[in-house]
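Student: The structure under discussion is supplied below as structure tokens; questions concerning it will follow.
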Amino acid sequence: MRRDGDELEINVQQMIFEFIGGLGIFLFGLKYMGDGLQKVAGDRLRELLDRFTSNPLMGVIAGAVVTILVQSSSTTTVLTVGLVNAGFMTFRQAIGVIMGANIGTTMTAFIIGIDVKEYGLPILAVGAFMIFFFKNKKVTNIGQTVFGLGSLFFGLETMSGGMKPLRSLEAFQELTVSMSDNPILGVVIGTLFTVIVQSSSATIGILQELMGEGLVSLEAGLPVLFGDNIGTTITAVIAAIGASIGAKRAAFVHVIFNVLGAVVFLILLKPYTAYVEWLQGALNLEPQMTIAFAHGSFNIANTIVQFPFIAVLAWIVIKLVPGEESLVDSKPQHLDAIFIEQSPALALDQAKEEVVRMGEYAYKGLEEASLYLNNRQQKHSEIAMQIEEALNNLDRKITDYLVQLSSASLTDEESHKHSALLDSVRDLERIGDHFENIIELIDYKNSNKVNLTEQAVEDLNDMFDLALMTVKQATKALQNMDREEALAVVQKENELDRMERSYRKKHIIRLNEGLCTGQAGIVFVDMISNLERIGDHAVNIAEEVLGEKESL
């Protein structure tokens, strides 16, 4: 008897080990394959979402394409939440992308449905060979993708071996009967498992294997599939914690879209099951591929049904998540390529308007950093970081525009203006880098409980005030080509230099007297150094104005 018990215990242990080990290999393969595909695609994924989301339909297509490329709807949704948070995408544009992500994620189920699991190890070997025996980055990235695909199939094969003994377990048989009789139980199981493993593809993969082994009927499996779509929204919800209002809304619409889809198809479960059975017979599908088609049909139909109600979805979410969306718009507002050929002078004016807008953002970002230092409210840090990302994007866009404009025939006066704008863009982007450094220093100070003396905080606020005035006046000088404003900036920058030297000496005295710690001293000195550098970049802009005036 003991021997039988030991044998049963060994079988159960082997079953559990094979299942969790296979699941681990599967998840690793899925992540590794997605990372490889992202490296192959480079920054084009973000660019794709940024560029092709002008209307909801394009957003659906872009969301589906990106998800197919990265093999993860969660990655696409998190990327979308990030783009909304940074001001690159509006909340309404994000709705279409999220719908598209749900369609794109079905591709993984189709890959799993292809009956090549026994070739997982050779595919894995090919990927490893490409990674270790080639130095070309592109080949190793493709190798990573292939290795991930092999791991995915090998993980599935291992999981499948672990699932086979389930057919002899009475408790599992009772569970599948209960799921057939009570579809809501299937939805709950699918949701919980997807929340735990953070991958809808893993849940679908397990479901496909259970179906393949004949352990779960179609009636019991389809509600699990609906629950899987609900569970996958947790990643976006986590990504939106502490993010902007727009990002929170994007995550919330993902939840509503998937929950509504699950509810509608749960109500229509019988006709939907009949449709899937017809599809299975008509196309002579294996159980794994049947689930792939069921998953694809569900997400496509859900998108078609809810797509006309995007405005209603947006209205509901705005009511549920009230508040003002981020005012940081990362996209250029004045750059029109048509003026480059038709009127270079007008194109220069357009570029100048955009550079002035950068200056206003630089001022706002520095102001938020100052507020963050004094009241420690996280929202100021978030806005400053959004602005810094906007400055980086505007820097790229304006520079590209001005480079294109340089090929046009410009007068001497226009050439000087063109050069001044190019230099000013670079200086404004660097101001963004410096207030980002300050935000990171404040984060360090707060998280490590570093206390600055009252005198140090007062000195920092004095420097902040002067740096803010310097940036504001430099932007105004550029906007109006005002020589007086530019000269005032030079004066203020000299005062910032003097302040920095004076405050550094005062800090050394405080340090020698034991009034502040070494950590506090490092934070203080780095902050005043960044503020002084901001003044240098502001004066560079002012000198461009003075140089421009002198050249006319």
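Quick grid of which residues meet (1) in contact with a Leu (Cβ under 7 Å, 6 or more places away or on another chain); (2) in a helix (DSSP H, G or I); (3) open to solvent by less than 10 Å² (accessible area, probe 1.4 Å):
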site	(1), (2), (3)
187	yes, yes, no
190	yes, yes, yes
193	no, yes, no
196	no, yes, no
205	yes, yes, yes
209	yes, yes, yes
214	no, no, no
223	yes, yes, yes
227	no, yes, yes
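Student: Filter region 319-330 down to the residues that are open to solvent by less than 60 Å² (accessible area, probe 1.4 Å) and at pLDDT 65 or above and list them by number.
Tutor: Result: 321, 323, 328, 329, 330.
Student: Sticking with this structure for a sec: Tell me which of these residue 53 doesn't satisfy, since it passes every other one: (1) at pLDDT below 70; (2) crowded, with 24+ Cβ neighbours inside 10 Å; (3) assigned to a helix (DSSP H, G or I).
Tutor: (3) is the only condition that residue 53 fails.
Student: Taking region 502-524, which residues are within 41 Å of the chain's Cα centre (by Cα) and surrounded by 12 or more Cβ atoms within 10 Å (Cβ to Cβ)?
Tutor: Selection gives 503, 504, 507, 516, 517, 519, 520, 521, 522, 523, 524.
Student: Name the pairs: first residue in region 87-110 and aromatic (Phe, Trp, Tyr), second residue outside any helix (DSSP H, G or I), Cβ to Cβ under 6 Å, at least 6 apart or on different chains?
Tutor: Correct list of pairs: 88/330.
Student: Could you tell me how many of the residues in region 389-408 are within 13 Å of residue 363 (Cα to Cα) and open to solvent by 40 Å² or more (accessible area, probe 1.4 Å)?
Tutor: Total meeting the criteria: 0.
Student: Within the bounds of region 300-319, is there any residue that is closer than 19 Å to residue 204 by Cβ and of a type in the set (Phe, Trp, Tyr)?
Tutor: Looking for residues that are closer than 19 Å to residue 204 by Cβ and of a type in the set (Phe, Trp, Tyr), one finds none in region 300-319, hence no.
Student: In addition: What helices (runs of 4 or more DSSP H) lie completely within region 233-289 and have 2 or more residues being loosely packed, with under 14 Cβ neighbours inside 10 Å?
Tutor: Of the helices (runs of 4 or more DSSP H) lying wholly inside region 233-289, those with at least 2 residues that are loosely packed, with under 14 Cβ neighbours inside 10 Å span 245-267, 269-283.
Student: Let me ask another. Hey, any hits in region 450-471 for a residue that's within 23 Å of residue 348 (Cβ to Cβ), surrounded by 15 or more Cβ atoms within 10 Å (Cβ to Cβ) and either in contact (Cβ under 8 Å) with a residue 60 or more places away in the chain or among the hydroxyl-bearing types (Ser, Thr, Tyr) (or both)?
Tutor: Looking through region 450-471, at least one residue is within 23 Å of residue 348 (Cβ to Cβ), surrounded by 15 or more Cβ atoms within 10 Å (Cβ to Cβ) and either in contact (Cβ under 8 Å) with a residue 60 or more places away in the chain or among the hydroxyl-bearing types (Ser, Thr, Tyr) (or both).
Yes/no matrix, rows are residues, columns are (1) among the hydrophobic types (A, V, I, L, M, F, W, C); (2) farther than 19 Å from residue 458 by Cβ:
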{"site": "474", "(1), (2)": "yes, yes"}
{"site": "485", "(1), (2)": "no, yes"}
{"site": "494", "(1), (2)": "no, yes"}
{"site": "511", "(1), (2)": "yes, no"}
{"site": "515", "(1), (2)": "yes, no"}
{"site": "521", "(1), (2)": "no, no"}
{"site": "540", "(1), (2)": "no, yes"}
{"site": "544", "(1), (2)": "no, yes"}
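Student: Taking residue 382, is it more than 28 Å from residue 523 (Cβ to Cβ) and acidic (Asp, Glu)?
Tutor: no
Student: Continuing with the same structure: Can you go through 386, 378 and tell me which one is touching a residue at least 60 places away in the same chain (Cβ under 8 Å), surrounded by fewer than 19 Cβ atoms within 10 Å (Cβ to Cβ) and within 26 Å of the chain's Cα centre (by Cα)? Let's see the steps before the verdict.
Tutor: Values: 386 fails: surrounded by fewer than 19 Cβ atoms within 10 Å (Cβ to Cβ).
From the options 386, 378, the qualifying one is 378.
Student: In region 329-342, how many residues are assigned to a loop (DSSP other than H, G, I, E, B) and either hydrophobic (A, V, I, L, M, F, W, C) or under 15 Å from residue 417 (Cα atoms) (or both)?
Tutor: Here the count works out to 2.
Student: Something else now. Could you figure out which of (1) at pLDDT below 75; (2) open to solvent by less than 50 Å² (accessible area, probe 1.4 Å) isn't true of residue 333?
Tutor: If we test residue 333 against (1) at pLDDT below 75; (2) open to solvent by less than 50 Å² (accessible area, probe 1.4 Å), just (2) comes out false.
Student: Tell me, please, whether a residue that is open to solvent by 10 Å² or more (accessible area, probe 1.4 Å), in contact with a Leu (Cβ under 9 Å, 6 or more places away or on another chain) and at pLDDT 70 or above can be found in region 159-182.
Tutor: No, region 159-182 contains no residue that is open to solvent by 10 Å² or more (accessible area, probe 1.4 Å), in contact with a Leu (Cβ under 9 Å, 6 or more places away or on another chain) and at pLDDT 70 or above.
Student: Hey, residue 113 hits all of (1) at pLDDT below 70; (2) more than 30 Å from residue 379 (Cα to Cα); (3) small (Gly, Ala, Ser) but one; which does it fall short on?
Tutor: (1)
The values are calculated or read from the model by the stated rules, or taken from the named source; none is laboratory data. The model shown is predicted, which means the values in this text are computed figures rather than measured ones. Note: ideal-geometry Cβ built from the backbone for every residue, glycine included; neighbour counts use all protein chains shown. Areas reflect the complete protein model, heavy atoms only, side chains present, ligands, DNA and RNA absent. Shrake-Rupley method; radii C 1.70, N 1.55, O 1.52, S 1.80 Å.
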